[in-house]
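Enquirer: A single structure is presented below for examination.
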Amino acid sequence: MGHQVPVTEELHDYMVAHGMPLDEIATELRAETEKLGNPAGMLTTADQAGLLTMLTRLIGARRAVEIGTFTGFSALAISRGLPDDGELICLDVSDEWTSIGRKYWERAGVADKIDLRIGDAHDSAAKLDGEFDLAFVDADKDWYIKYFETVLPLIRPNGLMLFDNTLAGGRVIEADGPADRKEFNAHIAQDDRVDVVMLGIGDGLTLVRKK
Ligand SMILES: C[S@@+](CC[C@H](N)C(=O)[O-])C[C@H]1O[C@@H](n2cnc3c(N)ncnc32)[C@H](O)[C@@H]1O
């Protein structure tokens, strides 16, 4: 087996500082989110944010969808990777949480790119139409297979779907680990329509390239 460096909090901070450090707006968004207490644990990590921006730019994404927006941290990262006339559709059920994000999207000058749709994503994802370059899925984990099957047909060839929390704190390899993640990871691993790479970043981020 090759060598995998364990990423401590200090090492994570070092990597972010030497990669794409958070600016004042993203830092303040995180600080306001932290005041929510326990829900703040749902935040995407800072190194993931840099990766989201970079991947969005790398594939030249113009149209993207995010399922699970929370306080808008990952949406800020993705929208910053889009061109000025790009579009990010954000699906989330919480008006309260996403309204925090709206303030920071305005400050960052990306609000015009973001189309926030409040409601159950089980319905709103099924209503998506048109072609997408990128999708980031970070909502209810027991619905990941359905989000994958619903959104994949809308992704352009060579487009990207990203799924967060796919390692479930490392518990996916335990006998009593979360069935939803185990089933999802197995489901996409055998799917010939896509290439899959699982990254040990944050709580596990799976990259799915549509062939
Ligand atoms: C892990 S958080 C998203 C974190 C966000 N991507 C970030 O970077 O901070 C999950 C979000 O999914 C939303 N959510 C969960 N189930 C949902 C559903 N069925 N429809 C819409 N939103 C849902 C929650 O309201 C919550 O804001």
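Enquirer: Of the residues in the stretch 82-111, how many are more than 13 Å from the ligand (Cβ to nearest atom) and closer than 23 Å to residue 160 by Cβ? Before the answer, list the steps.
Expert: Filtering the stretch 82-111 for residues more than 13 Å from the ligand (Cβ to nearest atom) gives 82-87, 102-103, 106-111.
Subset that is closer than 23 Å to residue 160 by Cβ: 82-87, 108, 110.
Of the residues in the stretch 82-111, 8 are more than 13 Å from the ligand (Cβ to nearest atom) and closer than 23 Å to residue 160 by Cβ.
Enquirer: Here is a further query. Hey, residue 210 hits all of (1) closer than 21 Å to residue 57 by Cα; (2) of a type in the set (Lys, Arg); (3) open to solvent by 50 Å² or more (accessible area, probe 1.4 Å) but one; which does it fall short on?
Expert: Here residue 210 clears every test but (3).
Enquirer: Related question: So, in the stretch 22-54, how many residues would count as being in contact with a Ser or Thr (Cβ under 7 Å, 6 or more places away or on another chain), touching a residue at least 40 places away in the same chain (Cβ under 8 Å) and of a type in the set (A, V, I, L, M, F, W, C)?
Expert: 2
Enquirer: Only one of (1) without any contact (Cβ under 8 Å) to a residue 40 or more places away in the chain; (2) buried (at least 23 other Cβ atoms within 10 Å of the Cβ); (3) touching an Asp or Glu at 6+ places or on another chain (Cβ under 7 Å) fails for residue 169. Which number is that?
Expert: (2) is the only condition that residue 169 fails.
Enquirer: Go through the stretch 95-117 and give me each residue that's farther than 21 Å from residue 22 by Cβ and either in contact with a helix residue (DSSP H, G or I) (Cβ under 7 Å, 6 or more places away or on another chain) or open to solvent by less than 20 Å² (accessible area, probe 1.4 Å) (or both).
Expert: Within the stretch 95-117, 116, 117 qualify.
Enquirer: Of the residues 135, 139, which single one is within 11 Å of the ligand (Cβ to nearest atom) and buried (at least 17 other Cβ atoms within 10 Å of the Cβ)?
Expert: On the way: 135 fails: within 11 Å of the ligand (Cβ to nearest atom).
Residue meeting the stated conditions: 139.
Enquirer: Is there a residue in the stretch 62-71 that is more than 20 Å from residue 154 (Cα to Cα), open to solvent by 10 Å² or more (accessible area, probe 1.4 Å) and not hydroxyl-bearing (Ser, Thr, Tyr)?
Expert: Residues of the stretch 62-71 more than 20 Å from residue 154 (Cα to Cα): 70-71.
From what is left, the residues that are open to solvent by 10 Å² or more (accessible area, probe 1.4 Å) are 70.
Next cut, not hydroxyl-bearing (Ser, Thr, Tyr) only: 70.
Yes, the stretch 62-71 has at least one match.
The values are calculated or read from the model by the stated rules, or taken from the named source; none is laboratory data. A quick note: this is a predicted structure, and the numbers were derived from the prediction, not measured. Neighbour counts are summed over all protein chains in view; Cβ atoms, including those assigned to glycine, are modelled from backbone coordinates with ideal geometry. Heavy atoms of the whole protein, side chains included, go into the accessibility calculation; ligands, DNA and RNA do not. Shrake-Rupley method; radii C 1.70, N 1.55, O 1.52, S 1.80 Å.
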